[in-house]
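This report concerns only the one structure given below.
No value in this document is a laboratory result; all are computed from the given coordinates. Please read all numbers here as calculations on a predicted model, not as lab measurements. Backbone-built Cβ (ideal geometry, glycine too); neighbour counts: all protein chains shown.
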Amino acid sequence: MPRIKTLDVLRGFAVLGILFMNIYYHSVFELGYVPFQVTPLSDNVIEVTNAFFIDGRFRALFCLLFGVGLAILYDKHGQDDAFTLLKSRLNWLLIFGFIHSVFIFSGDILVNYALAGLIVYREIGSSQEALLKKAKTYFAIGFSLILLFALIPNESIYRNSDEYFEIINTWQSGYGEQLIQQIVFTIIMFVFSWVCFIWITAGIVLFGVYLYRADFFNTGLSTKQLLASLLVVITISSIDALLRVNYVHLVELTMSIATFSGLVCALMYCHVFIKLNEKLTVLNSIFAPAGRMAFTLYILQSIVFALFFRYFSPEFVHSATRLDYIYLCLIFSVFQLVFAFFYLKLFKSGPIEWLWRKVYSAK
């Protein structure tokens, strides 16, 4: 199958979008965004926007594209060679993920992708029927477990409370303390990956393989599928938005709901870019370079905002609204697009992509 240009565009779009999801956790991972006692109107508007367009969408999109990448490698090398190469590729991704999680950002997604990939990579050559059945099974198991955990009562922490300052002061007491915290959260996230996250990821990854084999990334959704997807997203996201604005303490439940609506919305994003890329070649010029450097840009996001929140502007977290975080995302998104465009004028691939390929393909 010839190279699908839209895939690089989608990866570029996804890596920019993932920052809008993660930005709140780059400051203090344990807290994320801490609400005010009196919620600003802009916070509610952005939360509704997140429910419809951001949360869960880009993570699901990355999972789909990760599955496509595995399928392309499988088709290129044949089953026996592909299995050896995929296992090496995934093992090294796991190592990169642990390094990233421990030393930079505990909200790492690479470990989860690597573990999910190691579970499903031998199933990539299965029939379409088998792929879809396994994808549904894995997703249903993971989604059910996440919903179960989301129902556990959770007390909200508000801005300027004693508990808030206790966590902030511990976090901002130096890199040694941050490192200890990140090791602890890496262990916690690793356990939760095996409990539930990994199964949802495995399901979406296999669904990505299924869609690739069905030529979805060339054709997109049918009109009937598009309308059905739109109805699902509007319905579930409306419930999600209602809960976010009126029941702040149900944040875990809203994140669970966004996992399902996020997958459906990710398919719609794919459809829109597939159709637009046929007519607007400028999209390829804007997003494709970022897509070819998605791994590098993802790590760069963590490094830049770790430095910003922990050393250059640690007081930002005390007064920043969601709108302030959005401004940061927009500014850095423009930087990423420009950086990727000019970097690839000089080099064939991003530095971390180059390093990853070098180590996993070494004999």
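Just a few scattered comments:
- Percent RCO, i.e. relative contact order, over region 5-360, from Cα pairs under 8 Å lying at least 6 residues apart: 34 percent
- Label reach from Y327 (point 7 Å along Cα→C-beta): in region 30-44, amide nitrogens under 17 Å belong to 40-44.
- Distance between the 7 Å Cα→Cβ label points at Y175 and F342: 2.7 nm.
- Each 5 Å bin from zero holds the following percent of Cα-Cα pairs in region 202-275: 3, 15, 22, 22, 16, 11, 7, 3, 1.
- GNM top mover of K134, K345, K87 - the chain, alpha-carbon springs below 10 Å: K345
- Across region 184-199, computed HN-Hα scalar couplings (Karplus, 6.51 cos²θ - 1.76 cosθ + 1.60, θ = phi - 60°) run 4, 6, 4, 5, 4, 5, 5, 5, 5, 4, 6, 6, 9, 4, 5, 6 Hz from first to last residue, x flagging Gly and Pro.
- Fully extending the segment from S88 to S313 would add 77.1 nm, taking 0.36 nm per residue of separation and subtracting the current Cα-Cα distance.
- Segment S238-Q128, length gained on full extension (0.36 nm per residue, minus Cα span): 36.3 nm
- Cα gyration tensor shape of region 254-326, rounded if a/c is under 1.5, else prolate or oblate by comparing a/b with b/c: oblate
- Based on Cα contacts under 8 Å between residues 6+ apart, region 49-148 shows a relative contact order of 23 percent.
- When both region 47-105 and region 124-174 are represented by their alpha-carbon centers, they are found 18 Å apart.
- Computed per residue of the chain from DSSP H runs no shorter than four, each worth -39500 (n - 2.57), the mean residue ellipticity at 222 nm is -25500 deg cm²/dmol.
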